[in-house]
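Chemist: Please read through the structure below; I'll follow up with questions.
The values are calculated or read from the model by the stated rules, or taken from the named source; none is laboratory data. As the structure is a prediction and not an experimental result, all values here were calculated from the model. Using ideal geometry, Cβ is built from the backbone for each residue, glycine included, and neighbour counts are taken over all protein chains shown. To get the accessible areas, we keep the full protein, side chains included, count just its heavy atoms, and leave off ligands, DNA and RNA. Shrake-Rupley method; radii C 1.70, N 1.55, O 1.52, S 1.80 Å.
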Amino acid sequence: MEQSMVLKFFGGVSQDAASLAVDFDKVFRELAGWFLPIGICLLAEGLWLEKWRKMELLASYRYVTVKKWWRRKFIRILRNGVLMAAVMFITAMAADIVNHGELSDKSCKVFFLWITHMIMTMAFFLMLDLTRVRKFAPAILLLLEGGTFLMGFSNMRIARFMYGMWGMYFQSEWYFQETGVSVLSSLLIEMTLIVLVYLTGGIFLGREGKGFSYGRDDQN
């Protein structure tokens, strides 16, 4: 039976790192499938950020403080990203209904882990977009995703600390009960990082004197 689209593109790598017979060809195929929806979301976020920059050059006078500017940007871009991610997931669910006549009983758990991970990833994108490496943000985040996954997969003692392991249903304790990454700890870490990115962005903008002048360097 063909694998569920939800599990194929949103479940992550299904191989057990603790096994002595790991099929690395399958690991890299599944990792490529995992990257596909993430890459699409990052591309969409990059387009929204570029549009935002052009609009803000004309509307920056509306904001009394940098913090208000950053809060509005952070919330709106993340909202758009969450909607994009949700639409992609719903599309995969619809494909499963058409192909198999039913949804996987794991779909809700997969969605919960993946959407939280994507919110964190998009928050990091917003932070990187404030720096001079903004043009390389998608590549940096994909390298971070893949690199930390491979580190965690090769050494399960550090897996629970690895960014690339947290959003994968197949690498969580919900799938591998004995060796999987703790769901509670990974969710707590991700939510903490989202808050820290938001707070750090406001502090960074204030110290750098950015905010209303943001993006003008690219226009001159």
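Chemist: Ignoring everything but the protein chains, give the 1.4 Å probe accessible area of LYS109 in square angstrom, nearest 10.
Modeler: Looks like 90 Å² after rounding.
Chemist: Residue farthest toward the positive end of the dipole of the chain, with Cβ of Lys/Arg at +1 and Asp/Glu at -1: which of PHE28, THR121, GLY11?
Modeler: Value computed over the given set: THR121.
Chemist: Keeping all protein chains in place and using 1.4 angstrom, which order do ASP16, ASP105, ASP96 fall into by accessible surface area, from largest down?
Modeler: Sorted descending by solvent-accessible area, the residues read ASP105, ASP16, ASP96.
Chemist: Per DSSP H run of at least 4 residues, take -39500 (n - 2.57); add these up for the chain, divide by its residues and hand me the 222 nm value, nearest 500 deg cm²/dmol.
Modeler: Calculated mean residue ellipticity at 222 nm is -23000 deg cm²/dmol.
Chemist: What angle do you read, to the nearest 10 degrees and between 0 and 90, between the alpha-carbon axis of helix 107-128 and the longest principal axis of the chain?
Modeler: It is inclined by approximately 30 degrees.
Chemist: Now for a separate question. Just the accessible area per residue of the stretch 1-142, please: how many Å² with a 1.4 Å probe?
Modeler: 53
Chemist: Another one. Give me the accessible area of PHE161, 1.4 Å probe, in Å² rounded to the nearest 10.
Modeler: Taking all protein chains as shown, PHE161 has close to 120 Å².
Chemist: Can I ask one more? I'd like the orientation of helix 24-59 relative to the chain: the angle between its Cα long axis and the longest Cα principal axis, in ° from 0 to 90, rounded to 10.
Modeler: The angle comes out near 20 degrees.
Chemist: Could I ask something else about it? For ILE75, tell me the accessible area in Å² from a 1.4 Å probe, rounded to the nearest 10.
Modeler: 100
Chemist: Still on this structure, please answer the following. With an 8 Å Cα cut-off and a minimum separation of 6 or more residues, compute the relative contact order for the stretch 77-154 in percent.
Modeler: Relative contact order here is 28 percent.
Chemist: Could I ask something else about it? Leaving out ligands, DNA and RNA, and with a 1.4 Å probe, what % of the accessible surface on the stretch 76-130 is carbon or sulfur?
Modeler: Answer for the stretch 76-130: carbon and sulfur cover 69 percent of the accessible area.
Chemist: Still on this structure, I have one more. What's the Cα-based Rg to Rh of the stretch 52-180, Rh via Kirkwood?
Modeler: Value, to two decimals: 1.06.
Chemist: A further question follows. Could you please put ARG53, ARG157, ARG134, ARG72 in sequence from largest to smallest accessible area, using a 1.4 Å probe?
Modeler: Largest to smallest exposure gives the sequence ARG157, ARG72, ARG134, ARG53.
Chemist: If you average the sequence gap of Cα pairs under 8 Å that are 6 or more apart and divide by the length of the chain, what percent do you get for the contact order?
Modeler: About 28 percent, as a whole number.
Chemist: Just the number: Rg to Rh for the stretch 1-111, Cα atoms, Kirkwood Rh, two decimals.
Modeler: Value, to two decimals: 1.14.
Chemist: Follow-up question, since we're still on this one. Taking the Cα-to-Cβ direction at ILE90 and at LYS51 and moving 7 Å from each Cα, how far apart do the two end points lie in nm?
Modeler: Here the answer is 1.8 nm between the modelled labels.
Chemist: OK, next. Over the residues of the chain, compute the C-alpha Rg and express it relative to 2.2 N^0.38 Å.
Modeler: 1.10
Chemist: So how compact is the stretch 79-121: Cα radius of gyration and Dmax in angstrom?
Modeler: 11.1, 33
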